[in-house]
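Note sheet for the following structure.
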Amino acid sequence: MILNGKIAAVTGASRGIGQAIALDLARAGAQVACIATKEANAQTTVEMILAMGGMAKAYGCDVSQTESVEATFAAIASDLGAPAILVNNAGITRDTLMLRMKDDDWDQVMATNLRGAFLCTRVVTKAMMKAREGRIINITSIVGLHGAAGQANYAASKAGLVGLTLATAKELGARGITCNAVAPGFIETDMTHDLPQEMKEQVQKSAPLGRLGSPEDIAQVVTFLAGPGAGYMTGQVLTVDGGLTL
Ligand SMILES: NC(=O)c1ccc[n+]([C@@H]2O[C@H](COP(=O)([O-])OP(=O)(O)OC[C@H]3O[C@@H](n4cnc5c(N)ncnc54)[C@H](OP(=O)(O)O)[C@@H]3O)[C@@H](O)[C@H]2O)c1
């Protein structure tokens, strides 16, 4: 129970990687604010945590909207207390080749994936600075490090998250706050569910570890970054991809 007594906020906690992160942090003893676009979406994760004897609460929030983020984190502070751990995991894709990419495809992906992480980071920073303690973990992607055809918007947002991670680490390190990123490879969730079977088989063949990733593969690395074992790490991007990008 390395996170006993800690309050964690996880965005995109209704399913996939975010749900696994919320469960794993709760297993380690954290009280978890589970954030999704609608409170009802995050409630499933909360019920799973309560069923295993943990403590969690669901919140509906659009991370791309300042007012929504500020109201949500004010509610979290009043219900549970100020988070010592923030996991910026909420993310979307709007994949298409650049020639066909609409302004709105670009704007929505940047707003959720990058602006959302900035807004959530900004809102938790004051209390973390006062407490001289904080862990911020951004979920980027190997696509943000290596690019991918048909994902100009997504790749730019995830590369932007790497820059945000480095700047946050430098700006807040002196206040006892660390900021690191995790770059997952191909993980089996709703986001990758509809990709062609041949693509999944290709990934499986190319990855030295010979399988696609699970949400739990990512969650356990996030819990490590949130825990005492990662106290002297900041500004790092940990690739968790079964060796796919080697
Ligand atoms: N799956 C992969 O292979 C993979 C690889 C690399 C990186 N990642 C990254 O890992 C993160 C999680 O991916 P996933 O595969 O678990 O995705 P997912 O299954 O599609 O889940 C996305 C989550 O983000 C939430 N969300 C979307 N827009 C939001 C908004 N505006 N405000 C608040 N919450 C919002 C969704 O909430 P609702 O349920 O309410 O819609 C949901 O909880 C993403 O940042 C993704 O880019 C995934």
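The values are calculated or read from the model by the stated rules, or taken from the named source; none is laboratory data. These numbers were taken from a predicted model, which means no experiment stands behind them. Glycine also receives a Cβ, built like all others from the backbone with ideal geometry; neighbour counts cover every protein chain displayed. In case anyone asks, the SASA skips ligands and DNA or RNA and just uses the protein heavy atoms, side chains included. Shrake-Rupley method; radii C 1.70, N 1.55, O 1.52, S 1.80 Å.
Tally up the residues in region 191-228 that are of a type outside the set (D, E, K, R) and free of Cβ contacts under 8 Å to residues at least 40 places away in the same chain, please. Break it down into steps so the answer makes sense when it comes.
Let us first name the residues in region 191-228 that are of a type outside the set (D, E, K, R), namely 191-193, 195-197, 199, 202-204, 206-210, 212-215, 218-228.
Still in the running and free of Cβ contacts under 8 Å to residues at least 40 places away in the same chain: 192-193, 195-197, 199, 202, 204, 206-210, 212-213, 221, 224.
Final tally of qualifying residues: 17.
Scan region 164-171 and give yes if some residue there is open to solvent by less than 20 Å² (accessible area, probe 1.4 Å), assigned to a strand (DSSP E or B) and within 16 Å of the ligand (Cβ to nearest atom), otherwise no.
Taking region 164-171 as the starting set, the residues that turn out to be open to solvent by less than 20 Å² (accessible area, probe 1.4 Å) are 165, 168-169.
Filter once more, keeping what is assigned to a strand (DSSP E or B): none.
Within region 164-171, not a single residue is open to solvent by less than 20 Å² (accessible area, probe 1.4 Å), assigned to a strand (DSSP E or B) and within 16 Å of the ligand (Cβ to nearest atom).
Looking only at region 194-212, how many residues end up being surrounded by 15 or more Cβ atoms within 10 Å (Cβ to Cβ), of a type in the set (Gly, Ala, Ser) and assigned to a loop (DSSP other than H, G, I, E, B)?
Of all residues in region 194-212, those surrounded by 15 or more Cβ atoms within 10 Å (Cβ to Cβ) come to 200, 203-204, 206-207, 212.
Within this subset, residues satisfying the condition of being of a type in the set (Gly, Ala, Ser) are 206-207.
Narrowing further to those that are assigned to a loop (DSSP other than H, G, I, E, B): 207.
So the answer is 1.
Hey, does region 68-79 have a residue that's open to solvent by 80 Å² or more (accessible area, probe 1.4 Å), in a helix (DSSP H, G or I) and of a type in the set (A, V, I, L, M)? Reasoning before the result, please.
Within region 68-79, the first condition is being open to solvent by 80 Å² or more (accessible area, probe 1.4 Å), and the residues that meet it are 70, 78.
Subset that is in a helix (DSSP H, G or I): 70, 78.
From the residues that got through so far, the ones that are of a type in the set (A, V, I, L, M) too are none.
No; the residues of region 68-79 include none that is open to solvent by 80 Å² or more (accessible area, probe 1.4 Å), in a helix (DSSP H, G or I) and of a type in the set (A, V, I, L, M).
Which residue out of Gly134, Gly144 is buried (at least 17 other Cβ atoms within 10 Å of the Cβ) and near the ligand (Cβ under 10 Å from one of its atoms)?
Values: Gly134 fails: near the ligand (Cβ under 10 Å from one of its atoms).
Gly144 is the lone residue from the list that is buried (at least 17 other Cβ atoms within 10 Å of the Cβ) and near the ligand (Cβ under 10 Å from one of its atoms).
When residues of region 172-193 are filtered for being open to solvent by 30 Å² or more (accessible area, probe 1.4 Å), of a type in the set (A, V, I, L, M) and near the ligand (Cβ under 8 Å from one of its atoms), how many remain?
1
Within region 50-65, how many residues turn out to be more than 15 Å from the ligand (Cβ to nearest atom) and touching a helix residue (DSSP H, G or I) at 6+ places or on another chain (Cβ under 8 Å)?
Quick first cut of region 50-65, residues more than 15 Å from the ligand (Cβ to nearest atom) only: 50-55, 57.
Subsequent filtering for residues that are touching a helix residue (DSSP H, G or I) at 6+ places or on another chain (Cβ under 8 Å) retains 52, 54-55, 57.
Summing the residues that are more than 15 Å from the ligand (Cβ to nearest atom) and touching a helix residue (DSSP H, G or I) at 6+ places or on another chain (Cβ under 8 Å) in region 50-65 gives 4.
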